[in-house]
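Colleague: Provided herewith is a single structure, encoded as structure tokens, for subsequent inquiry.
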Amino acid sequence: MKTMILLAWQSLLNRRATALLTILTVAISTTLLLGVEKVRTQTKASFAQTISDTDLIVGARSGQVNLLLYSIFRIGNATNNIDWKTYQTLSEQKNVKWTIPISLGDSHQGFRVIGTNQDYFRHYRYGSKQPLSFSQGEMFHGLFETVIGSEVARKLGYQLGDKIIIAHGISDKAFTRHDNLPFVVTGILAPTGTPVDRSVHVSLGAIEAIHVGWGTGTRLTNASQIGALDQQYFEPKQITAVLVGLNSKIHTFALQRFINNFPDEPLSAIMPGVALHELWGMMSVAEQALMVVSVFVVIAGLLGMLSSLLTSLNERRREMAILRATGARPGWIAGLLFLEASVLTLTGIVTGMGLLYSGLWLCHDWLLETFGLFLPFSPPSIYEWILMGLILSAGMLTSLIPALRAYHFSLADGMTIRI
């Protein structure tokens, strides 16, 4: 066995250019497979952890996926709004610990504007119950102050103290902008990998103020007019949705039934986890497509290795004949080729793992800030070890083809090759 290992090593050194290309092929296949798998699993995990520690989301009567999309992912629009008195009634329920009102409908250069209050920054959780944090500044206090997400700040180049103009509706056109009442950036949130990064947050009072007289053409022309108005102008009349946290999860179903049967207006209360699971199930085709791509990448890599081995085998037929002539048995020669291919596969897997984790270490912050994709720098999971074992097994099985061919080479065939 020691002689076979030494001979295999010397053979690989003599064909180092071909061996390196084979290792690189397997390494790239391994990197892509594990990389795509990490993206797939972490995307699913991040998707499921877009919101956490919130027991119910309440909105106008609608399907739970639609309610989840517009309230959390800022996609689409609400079927209707919720009366402010209804929100106050919900907040006063004895089992309710906290509530976060949300008002949607405005935008800023393609980013959704979220009207809310300071409870949003105190109670909103994502991931594993992680709170929102500020990379710069603090939460808004004044009427025309705003807190922006990390992606808004990065793409639009905003800094603390900059002024921004909010537009009425989703399309940001000149005639829809509230350019008479600019907002000052007082805080920039740290990246979360969630839709929070792509949101502009203002107070509920500010949402009311910029729409005073909007429908009649008597809107405010500047912020100095605010002091002349009674504060009742700035109490919301309606909001879009409510995030609810309870004192105990035991009361979740009871409160959900109460809200779904609310007598004053038609409402829907959904549990975020259930709605997220349903939404991900609708996108399972994309998840399966990623898996198929991963598998075909590995197959392509193994076929490349097989092609390389078969090509080199034809070039080594005289070498095999000499080994036979010196007493090597056909099974020994087949074992030699099997060992060489196994070493190449194993080395390629190790190299691929090194490439993957080096890339994760170097690009971790960039991926989070650019794509909002959080890929933790953690040891391989059991599933990833299984995948690497499958790649090694597939590589060893692939090597049986050239090994069996070498087994059937005869001494006469090797000695009569024309060069």
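No value in this document is a laboratory result; all are computed from the given coordinates. On a predicted model such as this, the values are computed, not experimentally measured, just so you know. Neighbour counts run over all protein chains shown; Cβ positions are idealised from the backbone, glycine included.
Colleague: Once the other residues with Cβ under 14 Å from the Cβ of ILE75 are scored (Lys, Arg +1; Asp, Glu -1), what is the net sum?
Modeller: Working: positive: ARG74, ARG112, ARG198; negative: none.
That works out to +3.
Colleague: Where a Cα-Cα gap under 17 Å defines reach, which lysines qualify for LYS163, not counting those fewer than 8 residues away within the same chain?
Modeller: Partners found: LYS155.
Colleague: Here's another thing I want to ask about it. Please turn the phi angles of segment 133-139 into ³J(HN,Hα) values with the Karplus equation 6.51 cos²θ - 1.76 cosθ + 1.60 (θ = phi - 60°), one per residue in order, whole Hz, x for glycine and proline.
Modeller: After applying 6.51 cos²θ - 1.76 cosθ + 1.60, I find 9, 9, 7, 8, x, 8, 5 Hz.
Colleague: Within segment 28-53, whose backbone N sits under 15 Å from a point 7 Å along Cα→Cβ of GLN130?
Modeller: In segment 28-53, the label zone of GLN130 (backbone N under 15 Å from the point 7 Å along Cα→Cβ) covers 42-53.
Colleague: Taking a point 7 angstrom from the Cα of THR89 along the C-beta vector, which residues in segment 247-265 have backbone N less than 18 Å away?
Modeller: 254-265
Colleague: Using a 7 Å offset from the Cα along the Cα-to-Cβ direction at both ILE165 and LEU390, what is the distance between the two label points in nm, to one decimal?
Modeller: In this crude label model, ILE165 to LEU390 measures out at 5.5 nm.
Colleague: Here's a follow-up. Sort 38-49, 237-248, 378-389 for me by packing, meaning the mean count of neighbouring Cβ atoms within 10 Å per residue, highest on top. All intermediate terms of the calculation are to be shown ahead of the outcome.
Modeller: On the way: 38-49: 16.7, 237-248: 18.7, 378-389: 12.7.
Packing proxy ranking, top to bottom: 237-248, 38-49, 378-389.
Colleague: With the contact rule set at Cα under 8 Å and sequence spacing of 6 or more, what percent relative contact order holds for segment 56-270?
Modeller: Details: 425 pairs, mean separation 68.9, N = 215.
The value is 32 percent.
Colleague: Taking R0 as 35 Å, what's the FRET efficiency between VAL184 and GLN238 from their Cβ-Cβ distance, rounded to 0.05? Write out the running numbers ahead of the final one.
Modeller: Working: r = 26 Å, r/R0 = 0.74.
Efficiency, rounded to the nearest 0.05: 0.85.
Colleague: Something else about it: Kindly write out, for segment 150-158 in residue order, the coupling ³J(HN,Hα) from the Karplus curve 6.51 cos²θ - 1.76 cosθ + 1.60 (θ = phi - 60°), rounded to whole Hz, with x marking Gly and Pro.
Modeller: These are the phi-based 3J(HN,Hα) values: 4, 6, 4, 5, 5, 6, 9, x, 7 Hz.
Colleague: Arrange ILE165, ILE51, ILE148 by Cβ neighbour counts within 10 Å, fewest through most, would you? Present the calculation step by step, with values, prior to reporting the outcome.
Modeller: Working: ILE165 16, ILE51 23, ILE148 30.
The order, fewest Cβ neighbours first, is ILE165, ILE51, ILE148.
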